[in-house]
1. Go through segment 35-62 residue by residue and tally those that are in a loop (DSSP other than H, G, I, E, B) and either acidic (Asp, Glu) or farther than 12 Å from residue 24 by Cα (or both).
2. Scan segment 64-79 residue by residue and report those that are charged (D, E, K, R) and more than 13 Å from the chain's Cα centre (by Cα).
3. If you go through segment 31-64, how many residues are open to solvent by 80 Å² or more (accessible area, probe 1.4 Å), in contact with a Ser or Thr (Cβ under 9 Å, 6 or more places away or on another chain) and of a type outside the set (Asp, Glu)?
4. Restricting attention to segment 79-97, report how many residues are open to solvent by 80 Å² or more (accessible area, probe 1.4 Å) and part of a helix (DSSP H, G or I).
5. Under 9 Å between Cβ atoms, which residue pairs at least 6 apart in sequence (or on different chains) link something in segment 12-31 that is within 16 Å of residue 43 (Cα to Cα) with a partner that is assigned to a helix (DSSP H, G or I) and of a type in the set (Asp, Glu)?
6. Could you list all residues from segment 58-97 that are in contact with a Leu (Cβ under 7 Å, 6 or more places away or on another chain) and among the acidic types (Asp, Glu)?
7. Does segment 66-78 hold any residues that are surrounded by 14 or more Cβ atoms within 10 Å (Cβ to Cβ) and in a helix (DSSP H, G or I), and which are they?
Amino acid sequence: MSESGHSLGAVADESPLSARDQQMLALERQWWKYAGAKEQAIRELFDLSATHYYQILNALIDTEEALAHDPMLVKRLRRLRTSRQRARTARRLGTDS
């Protein structure tokens, strides 16, 4: 598998996750290795807009299958999502009062 392009690593056939779901988790694990913007990598690898990718990713990290596949990554992504939601809520509450 090449370092330079569209390979995110091996896909486990025995995993209950689809190949795309496994590749999305692999991208989240190592997106910083790819030259250029993450959004460009998302477009090239999955042919999705960044918005659609993150909608799918957020649903994916809520599944038990994703948690079983890569527990540390999924827990980290859940924590990051929660902290971003709290920050958005705090900003909204701060500006509305």
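1. Residues flagged as in a loop (DSSP other than H, G, I, E, B) and either acidic (Asp, Glu) or farther than 12 Å from residue 24 by Cα (or both) within segment 35-62 amount to 6.
2. 64, 65 - these are the residues of segment 64-79 that are charged (D, E, K, R) and more than 13 Å from the chain's Cα centre (by Cα).
3. Residues in segment 31-64 being open to solvent by 80 Å² or more (accessible area, probe 1.4 Å), in contact with a Ser or Thr (Cβ under 9 Å, 6 or more places away or on another chain) and of a type outside the set (Asp, Glu): 2 in total.
4. 10
5. Matching pairs, first to second residue: 21/65.
6. 65, 70, listed by residue number.
7. 66, 67, 69, 73, 74, 76, 77, 78
The values are calculated or read from the model by the stated rules, or taken from the named source; none is laboratory data. Just so it is clear, the model here is predicted, and its values are computed rather than measured. Neighbour counts run over all protein chains shown; Cβ positions are idealised from the backbone, glycine included. Only protein heavy atoms, including side chains, enter the accessible area calculation; ligands, DNA and RNA are left aside. Shrake-Rupley method; radii C 1.70, N 1.55, O 1.52, S 1.80 Å.
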